[in-house]
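Enquirer: Please read through the structure below; I'll follow up with questions.
Laboratory data are not the source of any read-out in this text; all were calculated from the coordinates shown. Since this is a predicted model, take the numbers as computed values, not measurements. Reconstructed Cβ throughout: ideal geometry from the backbone, glycine too, with neighbour counts over all protein chains shown.
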Amino acid sequence: MNNLILSVADNIDAMLAYWDSELVCRFANKAYIEWFGKRKEEMINKITLQELLGPLFEKNQSYISAALKGQKQIFEREIKTPNGTIRSSLATYIPHLEEGKVKGFFVHVADISTIKNLQRELLESLEKEKMLNELKSNFVSIASHEFRTPLTIILSSTSLIKKYRKMEEWDKTEKHLERIQATVYNLETILNNYLSLEKINQNKVEVHYESFNLPQYINQIKSEMSELLKTNQNIIYHHTGDEIINSEKRILQTILSNLISNAIKYSAKDINIQSETKNEIISISVQDHGIGISQEDQKNLFTSFFRAKNSQMNTAGSGLGLSISKRFVEYLAGNINIESELGIGTKVTFTLPFTTTSVS
C-alpha cells in the first residue's frame, strides 16, 4: 500500500513534502524534488528547509513558524527555478498534530504560473479595452466640439461666397475658398489621426519597408504642406549623411505631417527641419519659433487629446498629433522627445532605425 501511495504522489503535478519539527525533509515527491533541481538522495532525511530555500527561507519564515504552532498557512510565492525561470506557486502548509503536539507539517505547492499568466493577459486585455473605450468616449466629446466650429466656418463661408459672387467681389470669394480648404484639411487630419490611433491600438498597422531617397521624400512632404503656411512663413530643410535608406515611408509621412502641421499652427515664423542619417539611425527634428510649451504641460504632450493650456484658445486641433507621432515612432522601435520654452519655440526630435541595403 505504501508503494502505491508513493507511486501516486510521484505521478501528480502538485509538489508534496513533509518537514519535521526540526525542519528536516522526511518526504518529497518527484515534482517537489525536480522543482528545486535536487536528487532524492540529497533530500530525504538529509536536507533542511533552510538549506533548500536559501534566501527564500527568510521570506517564508513567518509561515513556517505559524505552521509549527499548529496554524494552517496558505500563500502565494514567485520562485526562481534552477533553470532560471520564474514560476508562480500557491503553497499550503498543513500542521501534523499528534496528541496536540506539532510533529512537523505537510507541504502542498501548486504551480499556478499558467493561471497567473492568463490572469495577467486578462487584466492587460481589460486595461486595453478600457483605454479603447476611453479613447472612443473622448473622441466623441472632442469631435462634438472640434467638428462643430469647422462646419460652422464652412457653412458661413459658403453663404458669403454666394453673396460675393453676386456682387462680383472675387477677392473676397477667393479668401473664403482658402478658408474652406484649410478647414477641410483640419477635419481630414482629425479623422486620419483617430483612424491611425485605432489601428495602432488594435495592432493592425502594416509595415512595409522600402528603399527611397530621404531628402527627396521630405522635400515632397514639405511641398505638399506648403499650402498651410502663413504669410511670410517658410519651411527650411537641411540634410546630412546617407540619402538612400530603407524605412517605412507611409508612417514617416504621418509622423512628419503631424509635426510640421503643429509647427506651422503654433508659430508665425519659419519652420526648420533637420535630418541626419548616421550609423543606420535616422534623426529628424522639426523646430518652430512660436508660443512654446510650459514645463508643466510638456510631460503630458504625448497623451491622447491633451492640448497645452496656451494653445487651446487660439488654434484648432484634436490633441492627437503628438500622441499619434509617438505611437508610430515607438511602433518602428524609435524614440521621440521635445525641447520647448515659452515664447521661444518648440523642437521635436525623433530617431528611427534604418538600413542602407535592401530589405527583403
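Enquirer: Please list 283-289, 263-269, 339-345 highest first by mean number of surrounding beta-carbon atoms within 10 Å per residue.
Expert: Sorting 283-289, 263-269, 339-345 by mean packing, highest first, produces 283-289, 263-269, 339-345.
Enquirer: Let me ask something else about it. Identify all aspartates and glutamates with a Cα-Cα distance to Lys46 below 14 Å; exclude those on the same chain that are fewer than 8 residues away in sequence.
Expert: Hits, sequence-local ones excluded: Asp20, Glu22.
Enquirer: Also, quick follow-up: So how far, in whole Å, is the C-alpha centre of the stretch 212-266 from the one of the stretch 70-109?
Expert: Cα centres, the stretch 212-266 to the stretch 70-109: 63 Å.
Enquirer: Another question about this same structure. Identify all aspartates and glutamates with a Cα-Cα distance to Lys163 below 20 Å; exclude those on the same chain that are fewer than 8 residues away in sequence.
Expert: Counting by Cα, and skipping residues close in sequence, Lys163 has these aspartates and glutamates nearby: Asp171, Glu174, Glu178.
Enquirer: Something else: Mind sorting Val109, Val207, Val348 by how few other Cβ atoms lie within 10 Å of their own Cβ, fewest first?
Expert: Val207, Val109, Val348
Enquirer: What lysines does Lys130 reach when the alpha-carbon gap must be under 25 Å and sequence neighbours fewer than 8 apart in one chain are set aside?
Expert: Those lysines meeting the cut-off are Lys116, Lys199, Lys204, Lys299, Lys326.
Enquirer: Among 252-259, 100-107, how do they line up from the highest to the lowest mean number of other beta-carbon atoms within 10 Å?
Expert: Taking the mean over residues of other Cβ atoms within 10 Å, the ranking is 252-259, 100-107.
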